[in-house]
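Read through the structure below, which is laid out as structure tokens, and then see the notes.
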Amino acid sequence: MTDKLHRPAGSTAEGPFSLVITPESACWGFSGLRILELSGESRQVSTGDSETLVLPLQGSCRVALDGETFHLAGRTGVFDGVTDFAYLPRATQATITGTGRFALPAAKTQRKLPARYGPAEHVPAELRGTGNCSRQVNNYCLPHTFDADQLLVCEVLTPGGNWSSYPPHKHDEAREGESELEEIYYFEVADGPTGPGMGYQRVYGRDERPISVFAEVRTGDVVLIPHGWHGPSMAAPGYDLYYLNVMAGPGQERAWLICDDPAHGWVRQTWESQDVDPRLPFGAQR
């Protein structure tokens, strides 16, 4: 199961994309992600049946489509503050020109909304948890931050030695207080003084719906979560951990509602007596 749901860096590369996850390759219905790497050239990107963001991970670019052009200032890296981004509708051809590494999170949709620019200053960055559960969440494309039909996108930055996506939670049932969403975790890990870092990701299920992942993750890896409890995401001491979350599902209401594992939800109560990790927030927001 781990081999199917943990896709190491480079294992899904296609053409100019260093990573390609489609609903078909993930064996599910809605969520997708591509990582486009550019060195000053232009590439045409088709959104097909999915609404898509162009979200710089590192570098800047120009996005041209249907007579409109968006200039994305981007950022120097994922730990260096939030970025601006562009929203591309389904059934769209766009030309992306730039230098850097760009995430294209996507979700299948029947509606075609207008193309739009998302300014960095409109991206809410919040600090969640305290103590060694402290992390930063940048909310790019959620119901309360940016209009879309199905797509949900955020990124989480966890200081070295901390745990995030904790307590473990799930969102695989359409019921009161929970939504049904597939999820992609795309990871980047800060280097240490002697080379690349690593982190760890856990996913587990229930007796009636088993699933199991315990993966060492490095920059460029993805973990697919079709269902089940997921977390913790563990940042090894000395190595800050970043992950991009891409979610979508079959529900008519675009919502991100989670349910904690009842065996571990009590951990939230301990946060009241601790301070937020002073290493947060990251980057330009310090």
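The values are calculated or read from the model by the stated rules, or taken from the named source; none is laboratory data. For clarity, every value in this text was computed on a predicted model and none was experimentally measured. Here the Cβ positions follow ideal geometry from the backbone for every residue, glycine too, while neighbour counts run over all protein chains shown. Ligands, DNA and RNA are stripped out before the accessible areas are found, and what is left, the full protein with its side chains, is counted by its heavy atoms. Shrake-Rupley method; radii C 1.70, N 1.55, O 1.52, S 1.80 Å.
Observations, loosely collected:
- Set ALA125, ALA94, ALA106, ALA120: member being modelled with pLDDT of 95 or more, within 24 Å of TRP28 (Cα to Cα) and either more than 14 Å from the chain's Cα centre (by Cα) or not aromatic (Phe, Trp, Tyr) (or both): ALA106
- In the range 163-216, the residues that are acidic (Asp, Glu) and more than 16 Å from the chain's Cα centre (by Cα): ASP172, GLU173, GLU176, GLU178, GLU180, ASP191, ASP207, GLU208, GLU216
- Selected residue (criterion: surrounded by the fewest Cβ atoms within 10 Å (Cβ to Cβ)) from residues of the range 118-145 that are in a strand (DSSP E or B) and not hydrophobic (A, V, I, L, M, F, W, C): GLU126
- Candidates PHE17, PHE30, PHE79, PHE85: the one that is among the hydrophobic types (A, V, I, L, M, F, W, C), under 28 Å from ARG202 (Cα atoms) and out of contact with any Lys or Arg (no Cβ under 8 Å at 6 or more places or on another chain) is PHE79.
- Applying the criterion of being among the hydrophobic types (A, V, I, L, M, F, W, C) and open to solvent by 20 Å² or more (accessible area, probe 1.4 Å) to the residues of the range 1-35, the residue that is farthest from the chain's Cα centre (by Cα) is MET1.
- Among the conditions (1) free of Cβ contacts under 8 Å to residues at least 12 places away in the same chain; (2) in contact with a helix residue (DSSP H, G or I) (Cβ under 6 Å, 6 or more places away or on another chain), the only one that GLY67 does not satisfy is (2).
- Where strands (runs of 3 or more DSSP E) sit wholly within the range 50-93, those with at least 2 residues that are over 20 Å from ASN139 (Cα atoms) occupy 50-65, 68-75.
- Residue check for ALA94: surrounded by 15 or more Cβ atoms within 10 Å (Cβ to Cβ), more than 30 Å from ALA236 (Cβ to Cβ) and free of Cβ contacts under 8 Å to residues at least 60 places away in the same chain: yes
- Verdict on VAL45 being open to solvent by less than 60 Å² (accessible area, probe 1.4 Å) and over 19 Å from the mean Cα position of the chain (by Cα): yes
- Subset of the range 206-217 [of a type in the set (Gly, Ala, Ser) and buried (at least 17 other Cβ atoms within 10 Å of the Cβ)]: ALA215
- Cross-chain or 6+ apart pairs with Cβ under 8 Å, the range 193-204 first and under 16 Å from ALA235 (Cβ atoms) and of a type in the set (Phe, Trp, Tyr), then in a strand (DSSP E or B) and open to solvent by 70 Å² or more (accessible area, probe 1.4 Å): TYR200/PHE214; TYR200/GLU216
- Search result, residues across the range 48-63 that are open to solvent by 50 Å² or more (accessible area, probe 1.4 Å) and farther than 20 Å from GLN110 by Cβ: GLN58, SER60, ARG62
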